[in-house]
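The values are calculated or read from the model by the stated rules, or taken from the named source; none is laboratory data. If you're wondering where the values come from, they're calculated on a predicted model, not measured in any experiment. Please note: Cβ atoms are built from the backbone with ideal geometry, for glycine as well, and neighbour counts cover all protein chains shown. Accessible surface is based on the protein model in full, side chains and every heavy atom, while ligands, DNA and RNA are left aside. Shrake-Rupley method; radii C 1.70, N 1.55, O 1.52, S 1.80 Å.
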Amino acid sequence: MLWSKSLETGIPKIDDQHKELFRQADILVDQSKADRVESTLNFLKDYVNKHFADEEVYHRSSQYPKADDHKRLHVEFTAALKKQFEEFRKAANKSAMVLTINSIVINWLKEHIMRHDKEFAAYYIQKQQH
Ligand SMILES: [Fe+2]
């Protein structure tokens, strides 16, 4: 598991969903589950969409000033992921493609959580206390 405590935002629902995303990205490269790559990719796509939608509910409900910018990052990642999935379906070397998708997902998540989700969480938690 590539999750570490330093990635925690402090909003339990968001942290649980982030952990699940890391877990699914791990399953993707688990050789013993290679026959389930296609269904894992589909699950990942749906779960990413659900997770972003849930985060955006938090943004709107707390009148987060950077909600639009944050949403744009989600939209861009969704599009990048869709492109990778299409390439996976066409790829001759599917196991190499799976590794590529795994690192794209993990690297994006880490960077996004550390910079953007944590920034939002700090705003949100502070706002709850007032
Ligand atoms: Fe986010």
Would a scan of segment 117-127 turn up a residue that is of a type in the set (Ser, Thr, Tyr), within 16 Å of the ligand (Cβ to nearest atom) and open to solvent by 50 Å² or more (accessible area, probe 1.4 Å)?
yes
Would you be able to say whether some residue in segment 85-98 is under 12 Å from the mean Cα position of the chain (by Cα), buried (at least 16 other Cβ atoms within 10 Å of the Cβ) and within 16 Å of ASN42 (Cα to Cα)?
no
How many of the residues making up segment 18-29 are open to solvent by 10 Å² or more (accessible area, probe 1.4 Å) and in contact with a helix residue (DSSP H, G or I) (Cβ under 9 Å, 6 or more places away or on another chain)?
6
Where the second residue is open to solvent by 30 Å² or more (accessible area, probe 1.4 Å) and part of a helix (DSSP H, G or I) and the first is among the basic types (Lys, Arg) and lies in segment 81-92, which pairs have Cβ atoms under 9 Å and are six or more apart or on separate chains?
LYS82/LYS45; ARG89/GLU38
Quick check on this structure: which one of ASP30, ASP54 is out of contact with any His (no Cβ under 7 Å at 6 or more places or on another chain) and at pLDDT 95 or above?
ASP54
If the requirement is being within 16 Å of the ligand (Cβ to nearest atom), without any contact (Cβ under 8 Å) to a residue 60 or more places away in the chain and open to solvent by 80 Å² or more (accessible area, probe 1.4 Å), which of these qualifies: ASP68, ASP46, ASP54, ASP35?
ASP68
Within segment 107-116, restricting to residues that are within 13 Å of the ligand (Cβ to nearest atom) and free of Cβ contacts under 8 Å to residues at least 60 places away in the same chain, the one that is most open to solvent (accessible area, probe 1.4 Å) is ARG115
